[in-house]
Amino acid sequence: MQLVLEKRAERSNTIALISPLIAIGLTLVTMSILFAILGKNPISALGVYFIDPLTDSYSLQEIAVKATPLVMIAIGLSLCYLANAWNIGAEGQFLIGAVAGSWLAVKTQGTDAGPWVLPAMLLLGAIGGALYALIPAICKVRFGASEILTSLMLVYVADLFLDYLVRGPWRDPKGFNFPTTAEFDPVATVPVLIEGGRLHLGGIIALVAVAAGAVLLSRTIKGFEIRVVGAAPRAARFGGFNSNQLILLTFAISGALAGMAGIIEVAGPVGHLQPGISPGYGFTAIIVAFLGRLNPVGILIAGLFLALTFIGGEQAQIAMKIPLDVTKVFQGILLFFVLACDSLILYRFKLIFASPKVSRGAH
Amino acid sequence: MGLIEAIILAVLAASTPLLLAATGELVTERSGVLNLGVEGMMIVGAACGFGGAWLSGSIIVGALCGIVAGVLMSLIFALMTLGLAVNQVAAGLALTILGVGLSGLIGARFVGERITPAPKLRIPGLTDIPLIGRIFFGEDAFVYLSLALVGGVWFFLYKTRPGLILRAAGDNHASAHALGYPVLKIRMLSVMFGGACAGLAGAYLPLAYTPFFIPGMTAGRGWIALALVVFASWLPGRLIIGAYLFGAVTILQLHAQGWGIGIPSQFMSALPYLATVIVLVLISRARTGGSTAPAALGTVFVPDR
């Protein structure tokens with residue numbers, strides 16, 4: 001028996017639309033098997049994971065809160081991936097953005113600084129993230145160093161740098177030696193949208209990012225260049241597009257969005273800078289970008305779905321003692337199925353049972 | 001035991017997992033496949049390796065479990081990239097995300113357990129030679145195995161016909177296919193070899209380096225191994241230099257922390273990662289004339305029958 005791929009005459013638009021759904025379906029089947037192996041009832045486990053969080057308003061808000069950084073980061077990553085630039089260090093850019101913005105919050109702590117503090121923090125976060133993302137981009141453009149490896153290495157560096165700050169110079173003197181800064185002042189805090197709720201201004205900013213990403217890609221020349229450089233590099237060269245400049249641009253945008261997401265997370269739901277502010281948003285956002293087919297609206301939906309798995313995972317741990325790592329396994333399997341189903345857009349899968357003909361002729 | 005001797009022994013131990021994983025990845029990449037999932041295969045190898053050794057009480061069984069786990073992980077990757085023509089970068093990332101989760105699940109019940117680490121070689125007379133005795137004749141089996149593996153891979157790639165065919169598949173899959181070589185099969189075997197090496201490299205950590213399992217204990221070593229392959233310009237011999245250089249950076253920063261140098265420990269811990277970035281830049285810069293990477297590295301190949 002042999003699996004053979006046959007190129008379709010043209011890409012299948014039907015499959016392009018339904019492939020994420022097939023992928024989610026296949027993932028749910030695989031997860032049921034995994035739950036059964038772990039000795040849990042698959043039906044009730046899936047219920048706790050994917051249905052229960054949708055039934056109360058607290059969890060619904062929490063999904064939106066978790067989706068905010070995922071969507072913001074994934075919008076930026078999708079631009080990189082469309083341009084065939086592989087930024088996989090968004091987690092580091094997220095952390096550096098959080099650090100850059102927190103600097104102002106720490107410096108203005110206890111002073112009578114006005115309401116300009118928060119906007120300035122968001123700006124600093126974006127700048128910090130963008131500059132940090134430009135390191136691998138410049139190494140790539142200038143020296144040809146693999147941006148995949150350098151951007152990832154910088155995640156570890158960012159993590160250690162943040163750790164140093166909150167254990168060293170920025171530690172809250174009244175914090176009982178916990179590695180954390182003091183709680184940010186109200187002027188340095190992202191306001192909530194509904195009094196007493198969890199939903200905050202960051203949700204709106206994420207929606208703006210989605211809209212901006214959509215406009216950039218479908219209505220501007222730069223967006224067109226990004227798509228051409230990724231899809232047809234040769235044509236892009238003939239068109240005179242500067243692919244190095246586009247790598248720098250997409251990395252900078254993606255770093256800025258990740259950095260802003262970082263400072264929003266710290267100044268919003270968390271309220272202070274501490275280690276472990278991200279449960280891997282930067283990596284999960286890679287899955288969000290692919291599940292959303294590198295399309296801004298798709299990313300919004302995919303971001304909400306993966307946020308659901310974070311909340312569902314926490315609830316499943318509490319209610320059914322299902323380990324948190326199951327969420328990561330789920331995310332990894334989902335990405336595999338998404339990629340596999342995407343292959344269906346360009347190819348037909350065929351199983352051949354007889355022995356194949358002798359290969360001849362070049363590709 | 002002198003301090004210098006202690007440091008060299010520690011460097012050899014710290015370098016071995018890097019060397020093992022990088023050797024496997026080098027073969028994979030030579031066949032034209034870029035598997036970014038080394039970290040994922042390593043961490044699953046670590047969990048399964050420790051589990052196997054703890055349940056059976058045998059280091060060898062543990063090492064075999066690590067190898068099998070690595071191969072199984074690599075088969076998922078092979079199915080995706082070779083069978084279904086999925087983008088290799090994305091599939092490698094998926095493999096790492098999946099591996100981190102799986103190792104947490106598998107390893108959860110072993111956290112806090114201890115095993116007797118792999119024994120060190122002891123040859124009466126030779127091992128007792130002052131200074132060099134322990135360094136050359138007093139290591140655990142994995143250290144010698146990793147060096148033998150590099151030699152074996154070098155011999156295979158450059159002195160045998162299958163090795164030549166493997167390199168041909170990595171440099172020009174269309175021509176190799178036209179000559180009648182089964183490109184996908186060659187690549188699948190190379191990916192599996194990479195998985196076996198990564199699994200063994202992961203298993204080395206809880207079996208010999210530290211005799212217990214902690215989640216996330218690979219700490220980016222899989223990614224550093226990937227960088228080492230670039231550093232070595234895809235030449236097996238240079239992997240040894242690269243791996244020992246990185247092992248040395250890792251150990252020296254640990255010792256520097258111990259000596260109480262007035263630099264915060266986090267900065268020292270960041271050194272191996274920063275060194276990777278700097279080395280990648282220097283190496284890539286020196287090579288701007290012409291790349292030594294396998295020409296078809298990372299490209300999808302779908303044979304037209």
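Figures for the structure shown
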item	result
A:Val215/B:Asp128 FRET efficiency (R0 56 Å; Cβ-Cβ; nearest 0.05)	0.15
Choice from A:Pro173, A:Pro269, A:Pro136 with maximal GNM fluctuation in chain A (Cα, 10 Å cutoff)	A:Pro173
Extension gain (nm, one decimal) between B:Ala6 and B:Ser56, 0.36 nm per residue minus Cα-Cα	14.9 nm
Distance between the stretch A:165-213 and the stretch B:36-71 - C-alpha centres, whole angstrom	41 Å
Chain A - convex hull of the alpha-carbon atoms, volume per residue in Å³	177 Å³
Taking the convex hull of Cα positions in chain B, its mean projected area over all directions (nm²)	17.2 nm²
Span-like helix ranges in chain A, DSSP H, alpha carbon extent 18 angstrom or more, Kyte mean at least 1.6	A:13-37, A:117-143, A:201-219, A:325-346
Of the DSSP H helices in chain B, those whose Cα atoms cover at least 18 Å axially and whose Kyte score averages 0.0 or more	B:3-30, B:38-56, B:59-78, B:88-107, B:141-159, B:183-204, B:236-258, B:271-286
Estimated [θ] at 222 nm from DSSP helical runs (n ≥ 4, -39500 (n - 2.57)) normalised by residues in chain A, nearest 500	-22500 deg cm²/dmol
Shape of the stretch A:168-258, Cα gyration tensor, a/c cut at 1.5	oblate
Unsatisfied cross-links (Cα-Cα over 23 Å) in the set A:Lys66/A:Lys140; A:Lys350/B:Lys185; A:Lys7/A:Lys222; A:Lys7/B:Lys185; A:Lys140/A:Lys222; B:Lys159/B:Lys185	A:Lys66/A:Lys140; A:Lys7/A:Lys222
Chain B, helix-only ellipticity at 222 nm - DSSP H runs n ≥ 4, -39,500 (n - 2.57), divided by all residues, nearest 500	-22500 deg cm²/dmol
Spin-label zone in the stretch B:177-192 - amide nitrogen under 17 Å from a point set 7 Å from the Cα of B:Arg161 along the C-beta vector	B:177, B:179-183, B:186
Förster-model FRET efficiency, 22 Å R0, A:Ala120 and A:Phe178, C-beta, rounded to 0.05	0.25
Gained length - A:Thr14 relative to A:Glu195, 0.36 nm times residue gap less alpha-carbon distance	60.8 nm
Approximate spin-label separation B:Val111-A:Gln2, in nm, with each point projected 7 Å along Cα-to-Cβ	4.7 nm
Cα-only Debye scattering, the protein assembly as shown: base-10 log of I(q)/I(0) at q = 0.11 Å⁻¹	-1.19
Lysines with Cα under 22 Å of B:Lys120, excluding same-chain neighbours fewer than 8 positions away	none
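Every number here is computed from the coordinates shown, using simple stated rules; none is lab data. Owing to the predicted nature of the structure, the values given are computational and were not obtained by experimental measurement. All Cβ positions, glycine included, derive from the backbone under ideal geometry; neighbour counts span all protein chains shown.
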